[in-house]
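Student: Shown below is the structure under consideration.
Read-outs throughout are calculated quantities, based only on the coordinates presented, and are distinct from any laboratory measurement. These figures come from a predicted structure and were not determined experimentally. Cβ: placed from backbone, ideal geometry, glycine included. Neighbour counts: every protein chain shown.
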Amino acid sequence: MAEQGWGSVPYVAEQFRRFYASRAERVKAPPEIKQREFGFLSFGGRSMFRHIAFDDVNQLRSHLAENTPAHAYYSAAYYSAPEAEMEYKGWLGADLVFDIDADHIDTPCKADHDRWRCRACGEEGTGRAPERCPSCGKAAFEEETWLCDRCLEAAKYEAQKLLDILIQDFGFSPGELEVNFSGNRGYHVHVRSPHVRGLGQLARREIVDYIMGIGIKPEYQGLSSRMRGGPPSLLEDGWRGRSVKALYDYINDATPDAIKALKLGRATTANLLEHRDKILRLLMERHPSSIVRYVDPKALERLMEAAVKEQASAIDTVVTTDVHRLIRLPNTLHGKTGWLAQTVAIDDLEDYDPLASAIAFTDGTERVYVRRAPRFRIGDETYGPFEEERVELPLAAALFLLCKKAARVER
Ligand SMILES: [Zn+2]
Ligand SMILES: [Zn+2]
């Protein structure tokens, strides 16, 4: 059967058109809209329409209503001439932007809902695609990636850790931060502050390293037997306190198997298993550096690396360091899900449920033929799994499958 009909693109485009006809009104202008570049991806089209500028939010809303893009973006940067070609734009600065995508987080559920297929020999498997096909050795795959509550929770947790670091360590006020659900697998965090605007690529790279906990070594955090002066404590600011807390949490939570898997050497492994409570007490109460009696320096480095990874936030390096980046515009539709990108108040993030809040299409049903989909949830209902079947679904669920190209409309 010809597969070009998967996704029923004209149908989806028509639904998006109906949506923007009434709901484009709810799209808000990003701050200083005149200085922003906008970009749009159309349905079926592969090229980005960019270098677009608007004088005010009404122009932006009309554009959405008239053109019905599949994806809408605006620049983190401010330009004196945002509609000009790149080299003539006149870069004035950029918000500091972070992207967290469940795709980059190793959630165990990927083995349940993701699949790959070798383009060369047709070998198939579940989970992430391997580096090379186990059957023919080639490295070109079709990948089918889905998301679930666990993926979205994992992304949210990374966003919460990021916010914590931005507020605690960098001292940004919540008013300078905006958190947006991306409409698909993750979150975007925008920092709007005069202190970040002028930062170039290298400075942003330093911030990324800090947030990802790169290069956090025990000896630089005061955790060494040679350490003189004040030892770090859980209460210290920055990574000095955070790394001790990281160690504490890691040692407290790790199973004996996880400890053994770190290959810390016989003596340290035995100490961690036998004297765990004592080590935790030292970290908590006394000079944390006295744990070097139980954990040798090499082992401590490895332990610290694993522990820091848990406290750091898994942000996408490229997005933050690119000072010309286009970022998804909140209150617009994501063409790969049919869900809304939306701003989430920081206080609401804990309880935020994208699979209920970001649903754009709430009325009606549609009949679709589904080739394959794992079980998924929208609102309080779960659907699927489906395989080669006809089914009538609420419009949001049908559009999700269509946007994922896993179904086509059946009339
Ligand atoms: Zn193969
Ligand atoms: Zn998942």
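Student: May I ask you to derive the relative contact order of the stretch 218-311, considering only C-alpha pairs under 8 Å and at least 6 residues apart, and to give it as an integer percent?
Tutor: RCO, the stretch 218-311: 39 percent.
Student: Can I ask one more? Please find, in a Gaussian network model of the chain (springs between Cα atoms separated by less than 10 Å), the residue of Pro69, Pro108, Pro330 whose mean-square fluctuation is greatest.
Tutor: Checking each option, the largest mean-square fluctuation is seen for Pro108.
Student: Shifting gears a bit: In debye, nearest 20: dipole of the stretch 361-411 around its Cα centre with unit charges on the Cβ of K, R (+) and D, E (-)? Can you show the working numbers first?
Tutor: Numbers: 10 positive and 9 negative charges, 62 e Å.
I would put it at about 300 debye.
Student: Could you give the angle, 0 to 90 degrees to the nearest 10, between helix 201-212's Cα long axis and the longest principal axis of the Cα atoms of the chain?
Tutor: It works out to around 60 degrees.
Student: To continue, here is another question. Highest GNM mean-square fluctuation, the chain, Cα pairs closer than 10 Å: which of Pro130, Pro218, Pro394?
Tutor: Result: Pro130 has the largest fluctuation of those listed.
Student: If you don't mind, there's one more thing I want to ask. Roughly how compact is the chain, stated as its Cα Rg over 2.2 N^0.38 Å to two decimals?
Tutor: 1.13
Student: Compare the peptides 336-349, 271-284 by average per-residue count of other Cβ atoms within 10 angstrom and give them in order, highest first.
Tutor: 336-349, 271-284
Student: For the chain, which cysteines have no disulfide-compatible partner, meaning no other cysteine Cβ under 4.7 Å?
Tutor: Cys109, Cys148, Cys151, Cys403
Student: With just the Cα atoms of the stretch 218-311, tell me how far they stretch along each of the three principal axes, in Å, largest first.
Tutor: Cα extents, longest axis first: 33, 24, 21 Å.
Student: Moving on to the next point. Karplus couplings for the stretch 323-333 from phi (6.51 cos²θ - 1.76 cosθ + 1.60, θ = phi - 60°), rounded to Hz, Gly and Pro as x?
Tutor: 7, 10, 4, 9, 10, 4, 7, x, 6, 10, 8
Student: For the chain, what is the mean residue ellipticity at 222 nm derived from helices alone (per DSSP H run of n ≥ 4: -39500 (n - 2.57); sum divided by total residues; nearest 500 deg cm²/dmol)?
Tutor: Estimated from H runs of four or more residues: -10000 deg cm²/dmol.
Student: Identify which of His190, His51, His287 has the largest mean-square fluctuation in a Gaussian network model of the chain, with springs joining Cα atoms closer than 10 Å.
Tutor: Judging by the Gaussian network model, the answer is His287.
Student: With charges only on Cβ, +1 for K and R and -1 for D and E, what is the dipole size of the chain about its Cα centre, in debye, rounded to 20?
Tutor: With Lys and Arg at +1 and Asp and Glu at -1, about 900 debye.
Student: Only counting other Cβ atoms within 10 Å, I'd like Met48, Met304, Met86 sorted with the fewest neighbours first.
Tutor: Met86, Met48, Met304
Student: To test your reading of the geometry: what angle, between 0 and 90 degrees and rounded to tens, separates the Cα axis of helix 57-67 from the longest principal axis of the chain?
Tutor: In the chain, helix 57-67 runs at an angle near 60 degrees to the longest axis.
Student: Over the chain, what is the mean sequence separation of C-alpha contacts under 8 Å (at least six apart), divided by residue count, expressed as relative contact order in percent? Could the numbers behind the result be given before it?
Tutor: Values: 749 pairs, mean separation 76.9, N = 411.
Over the chain, the number comes to 19 percent.
Student: Sticking with this structure for a sec: Compute the whole-percent fraction of alpha carbon pairs in the stretch 325-411 spaced more than 22 Å apart.
Tutor: Working: 1117 of 3741 pairs.
Tail of P(r) above 22 Å: 30 percent of Cα pairs.
Student: Ranked highest first by the average count of other Cβ atoms within 10 Å around their residues, in what order do 152-161, 291-300 fall?
Tutor: Highest-to-lowest ranking by the protection proxy: 152-161, 291-300.
Student: OK, next. How would you rank Leu202, Leu329, going from fewest to most other Cβ atoms within 10 Å of each one's own Cβ?
Tutor: Fewest-to-most ranking of Leu202, Leu329: Leu202, Leu329.
Student: In terms of the Cα gyration tensor, with a ≥ b ≥ c the square roots of its eigenvalues, is the stretch 361-411 rounded because a/c is under 1.5, prolate because a/b exceeds b/c, or oblate?
Tutor: Working: a/c = 1.66, a/b = 1.14, b/c = 1.46.
Note, shape of the stretch 361-411 comes out oblate.
Student: Does anyone have the angle between helix 149-168 and the longest principal axis of the chain? Alpha-carbon axes, 0 to 90°, nearest 10?
Tutor: 60
Student: If we count other beta carbons within 10 Å of each Cβ, what is the order of Val323, Val12, fewest first?
Tutor: So the ranking, lowest neighbour count to highest, is Val323, Val12.
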